[in-house]
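S.K.: Below are the C-alpha cells for one structure; questions will follow.
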Amino acid sequence: MQTEMITKIGSALEGHLTHVRNSSVLTVAPDKLVQACKMMVQSGEFYHLSTITGLDEGQSIAVLYHFWRGKEFITVKTSVPKENPTLQSVIQEVPAAIFYEAEIADLLGVTFKGNPLGDGGLLLPPNYPASEPRPLRKEADPEKIRKLMELE
C-alpha cells in the first residue's frame, strides 16, 4: 500500500485518512476535492478512477471517488449539504469522471460545476417529477414517484 504517498496528500489537503484492509479513504473538504483527485492522478500510483458513488447521509450527501491500482484502493470522499449540493467537477483532472458525475447528479441531485452533463439527464426519464427528491435520497417516496409518472 502506498501509505506514505496517501498520507502526504492527506496532510497537504488537511484531510482525514482511514485504512481498512487494502483500502484507504481520504476525506477532504469540498473545496479540496479537485486538488485531491489531481494529486492522485499526478502521483502515478492511483491514476485509474474506477467509479464515483454517492450516499445520502441524512443532512448531507457524500460523494466518493474510487481509485485503484492492482489490489489496492483509495477513495477520495467529500460531503455537501443537501440544501446546496454543489461540487466543482473533476473532469479537467480526471476526464473519466464525466459520466459518473452525471449519474450522481441524476440519482442524488448533486450539481457538478464545469461538467457539461453535470445537471443530470443521463439516467432519469424526461417525465421524472421535478417536484420530487432524486430517487436515491432518503426522503424519496418511490410509490408517489411512480404514480406521478403514471407508471401505476
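The values are calculated or read from the model by the stated rules, or taken from the named source; none is laboratory data. What you see is a predicted model, and the numbers here were worked out from it, not measured in a lab. Using ideal geometry, Cβ is built from the backbone for each residue, glycine included, and neighbour counts are taken over all protein chains shown.
S.K.: Output the residue which, of all residues in segment 55-75 that are in contact (Cβ under 8 Å) with a residue 40 or more places away in the chain and of a type in the set (Asp, Glu), is surrounded by the most Cβ atoms within 10 Å (Cβ to Cβ).
M.R.: My answer is 56.
S.K.: Continuing with this model, one more query. Just to be sure before I move on: is residue 104 under 30 Å from residue 132 (Cβ atoms), outside any helix (DSSP H, G or I) and within 17 Å of the chain's Cα centre (by Cα) in the structure I sent?
M.R.: On the way: under 30 Å from residue 132 (Cβ atoms): yes; outside any helix (DSSP H, G or I): no; within 17 Å of the chain's Cα centre (by Cα): yes.
For residue 104, the condition - under 30 Å from residue 132 (Cβ atoms), outside any helix (DSSP H, G or I) and within 17 Å of the chain's Cα centre (by Cα) - is not met.
S.K.: Within segment 75-112, which residues are β-branched (Val, Ile, Thr) and within 18 Å of residue 13 (Cβ to Cβ)? Give the steps one after another, and end with the answer.
M.R.: Within segment 75-112, the first condition is being β-branched (Val, Ile, Thr), and the residues that meet it are 75-76, 78, 80, 86, 90-91, 94, 98, 104, 110-111.
75, 76, 78, 80, 90, 94 - these are the residues of segment 75-112 that are β-branched (Val, Ile, Thr) and within 18 Å of residue 13 (Cβ to Cβ).
S.K.: Could you check how many residues of segment 40-78 are hydroxyl-bearing (Ser, Thr, Tyr), outside any helix (DSSP H, G or I) and more than 15 Å from residue 136 (Cβ to Cβ)?
M.R.: Final tally of qualifying residues: 5.
S.K.: Under the condition of being under 22 Å from residue 52 (Cβ atoms) and of a type in the set (S, T, N, Q), which residue from segment 104-152 is surrounded by the fewest Cβ atoms within 10 Å (Cβ to Cβ)?
M.R.: So the residue we want is 111.
S.K.: Follow-up. Do we find a residue being closer than 29 Å to residue 9 by Cα and either assigned to a loop (DSSP other than H, G, I, E, B) or at pLDDT below 95 (or both) anywhere in segment 117-129? Show your work before the answer.
M.R.: Going residue by residue through segment 117-129, those that are closer than 29 Å to residue 9 by Cα are 117-118.
Then drop every residue that is not either assigned to a loop (DSSP other than H, G, I, E, B) or at pLDDT below 95 (or both), which leaves 117-118.
Yes, segment 117-129 has at least one match.
S.K.: I'm trying to understand the selection: among the residues of segment 1-39, which are of a type in the set (A, V, I, L, M, F, W, C), part of a strand (DSSP E or B) and either at pLDDT 85 or above or under 19 Å from the mean Cα position of the chain (by Cα) (or both)? Working first, answer last.
M.R.: Pass one, segment 1-39, residues of a type in the set (A, V, I, L, M, F, W, C): 1, 5-6, 9, 12-13, 17, 20, 25-26, 28-29, 33-34, 36-37, 39.
Right, trim to part of a strand (DSSP E or B) and you get 17, 20, 25-26.
The answer is 17, 25, 26.
S.K.: Now a separate question. With the condition kept exactly as written, say whether any residue in segment 130-143 is of a type in the set (S, T, N, Q), assigned to a loop (DSSP other than H, G, I, E, B) and more than 16 Å from residue 35 (Cα to Cα).
M.R.: So far as segment 130-143 goes, yes, one or more of its residues are of a type in the set (S, T, N, Q), assigned to a loop (DSSP other than H, G, I, E, B) and more than 16 Å from residue 35 (Cα to Cα).
S.K.: On to the next question. How many residues are over 11 Å from residue 37 (Cβ atoms) and not in a strand (DSSP E or B) if we restrict to segment 79-94?
M.R.: So the count comes out to 4.
S.K.: Out of all the residues in segment 10-54, which are of a type in the set (A, V, I, L, M, F, W, C), surrounded by fewer than 16 Cβ atoms within 10 Å (Cβ to Cβ) and under 20 Å from residue 88 (Cβ atoms)? Walk me through it before giving the result.
M.R.: If we filter segment 10-54 for residues that are of a type in the set (A, V, I, L, M, F, W, C), which is where we start, we get 12-13, 17, 20, 25-26, 28-29, 33-34, 36-37, 39-41, 46, 49, 52.
If we keep only those that are surrounded by fewer than 16 Cβ atoms within 10 Å (Cβ to Cβ) as well, we get 12, 20, 29.
Passing the criteria: 12, 29.
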